[in-house]
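Below you'll find the structure, written out as structure tokens, and then a few comments.
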Amino acid sequence: MNGTAHATIGAGAGFVVAQSVQADPTTTLLLVGMGGLAGLLPDIDIDGKLSNKITLSHTLIRSVAQLIGFMMIVYILVEETGTERWLGICAGVAIIVIASYIKQRHMLTITGLGVLAGGFSLQEIWLLLLGIYIIIASFVSHRSYTHSLLGIAYFAFIAHYLEASLEIEGVFLTCFIGYISHLVADMKALPFNKRGVKFFLPFSSKEF
């Protein structure tokens, strides 16, 4: 199933939850949006279509990092002498060389690290957990752990702390149902899916 369909189903779940908790129009829009995002999130893994859409271009990040390395070398040559100069030049060269190896598949990990740093800075548990989720997703294959019961359980913790932070009724239920809707829609039992979902990873790789 494509991303539009997943987002639509998740958004629908958010609308149903909003009606069940008698949310006001603004909260209803928020829950609909969250449902749509939760319905897309399992496809954030490294081979999923979503990962390239939420990350910056690796060429941009690589160019910026190499520019920083070059500017660092110029600054060191002008301002430093002796051992400090050579250490600084080596550091600048190292940044340029390492940046040259950055590929698009690395950008999801970098994004996760950025979200994790944001969680530490804002002291938001849900953001910390989301950062860890994204980092893990950047190393697993498509339709694996993000599409399993482990993925559901972990995301439930994220949704729990997000609702506690926002103090808005229905956030947890919206995110939880939206996430599960993605997995159900990807099941092999549905005629338009050639592949199924490995619910019981790592204990079983059987597709459902």
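Taking into account only those residues within the stretch 106-124 that are under 10 Å from the mean Cα position of the chain (by Cα) and of a type outside the set (A, V, I, L, M), which is surrounded by the fewest Cβ atoms within 10 Å (Cβ to Cβ)? Of everything passing the filter in the stretch 106-124, Thr109 is surrounded by the fewest Cβ atoms within 10 Å (Cβ to Cβ).
The criterion of being of a type outside the set (Ser, Thr, Tyr), over 20 Å from Gly36 (Cβ atoms) and not assigned by TED's automatic domain parsing to the domain that holds Phe15 holds for Leu128. Residue selection: Val97 satisfies the criterion of being in a helix (DSSP H, G or I), without any contact (Cβ under 8 Å) to a residue 60 or more places away in the chain, β-branched (Val, Ile, Thr) and surrounded by fewer than 15 Cβ atoms within 10 Å (Cβ to Cβ). Checking each residue in the stretch 121-177 for being of a type outside the set (Gly, Ala, Ser) and assigned to a loop (DSSP other than H, G, I, E, B) picks out Gln123, Glu124, Phe139, Val140, His142, Arg143, Glu167, Ile168, Glu169. The set of residues from the stretch 22-31 being crowded, with 17+ Cβ neighbours inside 10 Å and β-branched (Val, Ile, Thr) comprises Thr27, Thr28.
Being crowded, with 17+ Cβ neighbours inside 10 Å, over 24 Å from Ile44 (Cβ atoms) and not aliphatic (A, V, I, L, M) is a property that holds for Gly88.
Looking across the stretch 173-202, the residues that are surrounded by 19 or more Cβ atoms within 10 Å (Cβ to Cβ) and either among the aromatic types (Phe, Trp, Tyr) or not assigned by TED's automatic domain parsing to the domain that holds Ala7 (or both) come down to Phe176, Tyr179. Reported count of residues in the stretch 2-36, each being under 22 Å from the mean Cα position of the chain (by Cα) and not in a helix (DSSP H, G or I), is 1. Could you please let me know if Thr111 is among the β-branched types (Val, Ile, Thr), modelled with pLDDT under 85, outside the structural domain of Thr8 (by TED's automatic domain parsing) and in contact with a Ser or Thr (Cβ under 8 Å, 6 or more places away or on another chain)? It is true that Thr111 is among the β-branched types (Val, Ile, Thr), modelled with pLDDT under 85, outside the structural domain of Thr8 (by TED's automatic domain parsing) and in contact with a Ser or Thr (Cβ under 8 Å, 6 or more places away or on another chain).
The values are calculated or read from the model by the stated rules, or taken from the named source; none is laboratory data. Just so you know, these numbers come straight off a predicted model, no measurement behind them. Neighbour counts are summed over all protein chains in view; Cβ atoms, including those assigned to glycine, are modelled from backbone coordinates with ideal geometry.
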